[in-house]
1. Hey, fewest Cβ within 10 Å first, where do Thr294, Thr81, Thr192, Thr146 land in order?
2. Obtain the nm distance between the two label points defined at Thr80 and Asp98 by a simple spin-label model: each point lies 7 Å from its Cα along the Cα-to-C-beta direction.
3. At 0.36 nm per residue, minus the direct Cα-Cα distance, what do Thr192 and Thr123 gain on full extension? Give it in nm, one decimal, please.
4. Quick one: length gained pulling Gln378 to Gln218 fully straight, 0.36 nm per residue minus the C-alpha distance?
5. For region 141-147, in order, what is each residue's ³J(HN,Hα) by Karplus, 6.51 cos²θ - 1.76 cosθ + 1.60 with θ = phi - 60°, in whole Hz (x at glycine and Pro)?
6. Would you work out the charge dipole size for region 109-203 about its Cα centre, treating the Cβ of every Lys and Arg as +1 and the Cβ of every Asp and Glu as -1, and quote it to the nearest 20 debye?
7. Considering amide H positions built from the backbone, and no H for Pro or chain starts, which residues 5 or more places from Ala142, or on another chain, come under 5 Å of its amide H?
8. Could you give the length gained on full extension between Phe237 and Gln300, defined as 0.36 nm per residue of separation minus the Cα-Cα distance, in nm?
Amino acid sequence: MNDLSLGNGHPNGHTGTKPRATFRELLLEGEDAPDAAPQVLEEQALEIVDPAHQVLDVQESNESLPPVEVRVRMPAAVPTTQVGSVQVECADALSRYDSWLRPTVIVSDGPYGLGLFPGEMPTVAGLAEWYAPHVAAWSRLAQPQTTLWFWCNEIGWATVHPVLALHGWQYRSLHVWDKGVAHVAGNVNSKTIRRFPVVTEVCAQYVREAELPTGDGQVLPIRHWLRAEWSRTGLPFNKTNEACGVKDAATRKYFTQDHLWYFPPPEMVERLADYANLHGRAEGRPYFSLDGHTSVRAEQWAKMRSKWNHEHGITNVWAEPAVRGGERLKNGAQAAHANQKPLRLMEMIVKACSDPEDVVWEPFGGLCSVMVAALKCQRRGFAAEINPDFYTLAKERLRAENSHQRLPFML
């Protein structure tokens with residue numbers, strides 16, 4: 001979780017004088033994000049300066065003015081560090097998403113609602129509203145292959161989950177980081193705690209479900225798209241088995257309408273498309289097309305869902321001590337960041353749902369552990385960190401890591 005430095009209180013800079021919006025309006029607030037940049041430019045000051053460098057108020061004078069030069073205060077350049085295959089910017093992520101390559105992985109480790117950092121809200125009240133514009137931007141720029149890992153505490157994640165669901169993120173699993181009893185050893189006052197000590201954080205996994213255009217003008221989720229496209233052919237559904245060269249797997253798995261639905265392998269979808277275009281009604285062709293001109297191919301279909309590189313022996317409970325020793329970044333004798341994540345966990349989740357050269361986002365960089373993992377795993381990375389002190393530590397950390405790795409792969 002990074003230092004939010006929420007000096008503007010709200011991601012869009014409002015301080016709370018407008019009428020209170022409905023809960024749904026708050027959750028959908030980020031939908032106008034693409035217009036944010038022009039709005040910032042409109043707010044830049046325009047100075048008209050005479051040769052003697054006196055600022056003139058042209059709106060309050062009708063007198064003729066001496067020759068003037070016009071200066072526009074342009075936004076300051078965003079401090080940016082590129083190290084190997086990753087790029088880190090000292091900025092609010094909301095202002096940077098549109099300049100980044102579209103992600104295969106997003107790792108969010110933002111506010112928890114614990115008040116641990118300057119400007120962070122002390123409770124989860126307002127947490128959903130804070131995340132809403134970020135979630136909207138993630139949804140707008142995500143791909144069917146994108147996986148989101150959302151770090152938080154239990155109540156924080158539960159508070160933000162409706163925002164994620166509203167914007168089309170499909171919950172896949174909740175993972176528990178168990179730091180072990182050593183995390184609280186000697187730090188528990190049994191007279192005042194009145195609960196069991198907390199040694200966990202959670203990381204929720206979300207994916208996207210692609211919505212595809214049908215030949216008759218609809219846009220449908222994948223499982224409904226498959227049925228709609230086959231229905232357009234005029235062929236009975238039992239012919240899908242013949243198309244795939246199977247006994248009954250197509251009707252039982254790929255075209256079922258119940259919970260047993262199964263994402264068809266790429267080669268099966270290509271067979272379905274070829275069979276449909278050969279035997280289906282001529283006037284409806286092409287069938288199973290993503291662009292309206294050619295039928296889908298196996299390599300295209302493989303990109304229609306999130307990636308997953310399975311490793312046996314890993315469950316949804318991650319027993320890993322909190323960061324200590326040489327991995328812990330420090331300012332003098334003190335930890336540089338209150339919530340530095342173990343690099344092993346970050347590498348694990350990046351590897352699980354991406355391949356080399358895929359793009360990884362870390363919107364709330366902190367010390368940029370995700371970018372270190374991306375660098376080590378040869379992924380391309382984009383991160384933002386709004387706190388200048390953390391940004392400086394992160395870029396030094398990445399440079400040190402890159403000097404050890406000596407990776408030739410560049411962004």
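Since every read-out is calculated from the coordinates, none of them should be taken as a lab result. Values in this document were obtained by computation on a predicted structure and should not be read as measured data. FYI the Cβ positions are ideal-geometry reconstructions off the backbone, even for glycines, and counts take in every protein chain you see.
1. Ordered by Cβ neighbours within 10 Å, fewest first: Thr192, Thr294, Thr81, Thr146.
2. 1.5 nm
3. Working: separation 69, 0.36 × 69 = 24.84 nm, distance 2.00 nm.
Stretched out fully, the Thr192 to Thr123 stretch lengthens by 22.8 nm.
4. This chain segment gains 53.7 nm when fully extended.
5. 9, 6, 10, x, 7, 6, 10
6. Dipole magnitude for region 109-203 comes out near 200 debye.
7. none
8. Working: separation 63, 0.36 × 63 = 22.68 nm, distance 2.34 nm.
So the extension gain works out to 20.3 nm.
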